[in-house]
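Read the structure below first, then the notes.
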Amino acid sequence: MSVKLDVKNNLLRTIPWTIALGVYGLLVAWIDAYEDGAIRLSASFHTLLGLILGLLLVFRTNTAYDRWWEGRKLWGQLVNESRNFAIKVETCVRAEPRDKVEIGKRLIDFAVALKEHLRRKPIRLQELSSFENRTDTPQHVPAYVAQQIYDRLERWRQAEQLGGFELLFLDRHASALMDICGACERILKTPIAAGYRRFIRQAIAVYLVTLPWGLVDFFGYWAAPVSMVVAYMMIGIEVLAEDIEEPFGTDADDLPLDDICVTIERSVREIVLD
């Protein structure tokens, strides 16, 4: 259902402009047919302009996709770090099973807290499974969960349930949690420059407004549908790039964070909790 809604939204953002350009193209063709001295642009002008605009659109889409793909790699890393952490806790820590279960739940809670944090949906600490009875109200819930994981490791060390060598390689996985959080926040809080987005849209507008005048000499009234096809492609690319440049939302083109959190929960439960 979400995929259908997302496609529908993209069409609603693209089709009106495409139709408007088709009507504009018909008007240009009519003026060219019935008015002497109508403006005509050389095809070489649009060839050159299209080449420049194509390079800009390639850079635009590549930049947006790089942000999406970097977010995906970071969440893939979170899956791996959670699994490795759980495996090493289960096999290397000389602690009570209930303590291992607790840290497993906190690994799951960290993924859930990070997901909601990146979606700018405030989550209360008490909504997480291993913190239901806490009264703390941290502003940065993922950082608080990571701190509690470190606190558990330190208590194991003091109780001599965790040796210095084991603590060293568990620390690598624990510190990776906040490294991933910080990298995701960098993507979230550093959007593509608004000035660059405006320039791309202005360039697309200039190209599409002048396009029928360059096509009408060759296509006549067919300049309208040809202009519509070109407009749909160019505007669609811009709409798509705008969708994927913010990868942590809930649209169909965004990262499937809910599914990734379920994967982490299933893996950790299989290793530690079951």
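We did not get these values from a lab; they are worked out from the coordinates using the rules stated. Small disclaimer: the values here were computed from a predicted structure and weren't measured. A quick note on method: Cβ atoms are made from the backbone with ideal geometry, for glycine too, and the neighbour counts reach across all protein chains shown.
By other beta-carbon atoms within 10 Å, ranking D253, D217, D258 with the fewest at the front produces D258, D217, D253.
Pick out the long, greasy-scoring helices in the chain: whole DSSP H runs spanning 18 Å or more along their own axis by Cα, mean Kyte-Doolittle at least -1.0. Don't jump to the answer; show the numbers that get you there.
On the way: long enough: 2-34 (48 Å, 0.70); 43-92 (71 Å, 0.10); 97-118 (32 Å, -0.21); 141-158 (26 Å, -0.88); 164-189 (37 Å, 0.55); 194-219 (37 Å, 0.76); 223-244 (32 Å, 1.47).
Length and hydropathy pass: 2-34, 43-92, 97-118, 141-158, 164-189, 194-219, 223-244.
Between T250 and V262, the simple spin-label model (points 7 angstrom out along Cα→Cβ) gives 1.6 nm.
Measuring r between the beta carbons of E185 and E96 and using R0 = 41 Å, the FRET efficiency lands at 0.75. Applying 0.36 nm per residue to the separation of E160 and A193 and subtracting their alpha-carbon distance, the gain on full extension is 6.7 nm.
With the cut-off at 1.5 for a/c, could you classify the range 59-204 from its C-alpha gyration tensor as rounded, prolate or oblate? Because a/c hits 1.5 or more and a/b exceeds b/c, the range 59-204 counts as prolate. Counting only other residues whose beta carbon sits under 12 Å from that of A111, what net charge do I get with K and R as +1, D and E as -1? So the surrounding residues net to -1.
Provide the FRET efficiency to the nearest 0.05 for the T47-F219 pair, computing r from the beta carbons and using R0 = 25 Å. Please list the in-between numbers first.
Numbers: r = 15 Å, r/R0 = 0.61.
E between T47 and F219, to the nearest 0.05, is 0.95.
In what order do C92, C181 fall by count of nearby beta-carbon atoms within 10 Å, going from fewest to most? Don't jump to the answer; show the numbers that get you there.
On the way: C92 15, C181 22.
Listing C92, C181 from fewest to most nearby Cβ atoms yields C92, C181.
Work through the residues other than M178 whose Cβ is under 13 Å from its Cβ and net out their charges, Lys, Arg +1 and Asp, Glu -1. Around M178, the charge tally is -2. Assuming R0 = 22 Å, can you tell me the calculated FRET efficiency for the pair R201 and Y65, based on Cβ-Cβ distance, to the nearest 0.05? Step by step, r from the Cβ atoms, then E = 0.75. Fewest-first ordering of E160, E90 by other beta carbons within 10 Å of each residue's beta carbon gives E160, E90. Other residues within the sphere of radius under 14 Å centred on the Cβ of F248, judged by their own Cβ, net out at -2 (K and R +1, D and E -1).
Quick note on the range 139-274: its Rg to Rh ratio, both from C-alpha atoms and Rh being the Kirkwood radius, is 1.29.
Between the C-alpha center of the range 211-274 and that of the range 69-93 there is a gap of 29 Å. Going by the alpha-carbon gyration tensor, a ≥ b ≥ c the square roots of its eigenvalues, is the range 53-144 rounded (a/c under 1.5) or, if a/c is not under 1.5, prolate (a/b greater than b/c) versus oblate? Because a/c hits 1.5 or more and a/b fails to exceed b/c, the range 53-144 counts as oblate.
List the equivalent ellipsoid semi-axes of the chain in whole Å, largest first, each obtained as the square root of 5λ for an eigenvalue λ of the Cα gyration tensor. Provide the component values of the computation, followed by the final result.
Working: eigenvalues 640, 53, 38 Å².
Here the semi-axes work out to 57, 16, 14 Å.
Here's how it looks for E246: its modeled amide H is under 5 Å from none belonging to a residue 5 or more places away or on a different chain.
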